[in-house]
Amino acid sequence: MKRPEHGIISKVKPLLALLFALIPQTIHAFPADWTTPLAPFRISGNLYYVGSRDLAAYLITTPQGNMLINANLESSPPQIRRSIEQLGFKWADTKILLSSQAHYDHAAGAAEVIRQTHAKHMVMEGDVDVIKSGGATDYDQTLDRFPPAPVDRVLRDQDTVELGGSVIKAHKTAGHTRGCTTWTLETRDGNRRRNVVIVGGWGLNPAVRLVARPGKPASYPGITADFDRTFKSLAALPCDIFLGAHGLYFDLLSKLDRVAREGEAVWIDPAGYRRALAEKEAIYRKELARQEAIQ
Ligand SMILES: [Zn+2]
């Protein structure tokens, strides 16, 4: 004998199944600022901000097409495209795609950007396998996977990327990821030249092991040598305009509040760069000492 509820349950069941199937995509708790759009703006010369309120993306425009730094989350390409178009540039003119680091919050949108624009993807050695495997070969296995993306050119430390007379230099600042990349370029404001630094990443995620212990190797061999070299390299960079992969690195939102009164000069912040660098290095040294003390 069938009870009447059975009929209802059998009708509702496919709906429930559908609902559960959708949950994995909606369960990620991203900070709201990662996906909240921000009106795009010019930073200096031919350099523009086209990211969200925290996930930074940069457009460098040239007469031969444009270079984009960071494709961000899998859901970000439409936001980045809208920002580029709001500035009056063409999405299809995106000729080169670069990346700050091979983590999903900066690189998950790369496959889609490349599919739509056919941009050449240039990635620092150390991050190449992670980008090509969608995070499967990342030393930090606690992070989200993402759509794998093809790589057209493998970059090495100090390599330059050139398009239409603009040059961007790649600095390998590894540790956060094995090919974490800080980009530098020069912009022109009238007759003045500005040194721009776009920091790739300088923090440690929670699962990172700096120190090897019996049965528990370091996150990767040479991780502390990489961090040491990174802080040294960053300290040696001339910096007028301080930027980074996350808006939080360089106080994007509070600086943006001042733009109306102070103009583009708010982005010139060499002291802020030195201060942030010193803070991040101190955090790293403290964590290293803490892990060494456990041994
Ligand atoms: Zn990261």
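The values are calculated or read from the model by the stated rules, or taken from the named source; none is laboratory data. Note that the structure is predicted; figures quoted are calculated from it, not measured. Backbone-built Cβ (ideal geometry, glycine too); neighbour counts: all protein chains shown.
Structural remarks
One line per residue, one yes/no per condition, for (1) of a type in the set (A, V, I, L, M); (2) crowded, with 20+ Cβ neighbours inside 10 Å; (3) modelled with pLDDT of 95 or more:
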{"site": "ASN195", "(1), (2), (3)": "no, no, yes"}
{"site": "GLY200", "(1), (2), (3)": "no, yes, yes"}
{"site": "ALA207", "(1), (2), (3)": "yes, no, no"}
{"site": "PRO214", "(1), (2), (3)": "no, no, no"}
{"site": "ALA218", "(1), (2), (3)": "yes, no, yes"}
{"site": "GLY222", "(1), (2), (3)": "no, no, yes"}
{"site": "ASP228", "(1), (2), (3)": "no, no, yes"}
{"site": "LEU234", "(1), (2), (3)": "yes, yes, yes"}
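- Matching residues in the range 80-102 - criterion: being under 26 Å from SER133 (Cβ atoms) and in a loop (DSSP other than H, G, I, E, B): SER99, SER100, GLN101, ALA102
- Residue, farthest from the ligand (Cβ to nearest atom), within the range 233-249, restricted to residues that are farther than 25 Å from ALA108 by Cβ and in a strand (DSSP E or B): ILE241
- Residue in the range 151-164 that is crowded, with 17+ Cβ neighbours inside 10 Å, within 22 Å of LEU237 (Cβ to Cβ) and under 14 Å from the mean Cα position of the chain (by Cα) present: no
- Of the criteria (1) buried (at least 18 other Cβ atoms within 10 Å of the Cβ); (2) more than 15 Å from GLY200 (Cα to Cα); (3) in contact with a strand residue (DSSP E or B) (Cβ under 6 Å, 6 or more places away or on another chain), which one LYS172 fails: (2)
- For the range 51-102, the candidate set comprises residues that are basic (Lys, Arg) and more than 12 Å from VAL113 (Cα to Cα); within that set, the residue that is surrounded by the fewest Cβ atoms within 10 Å (Cβ to Cβ) is LYS90.
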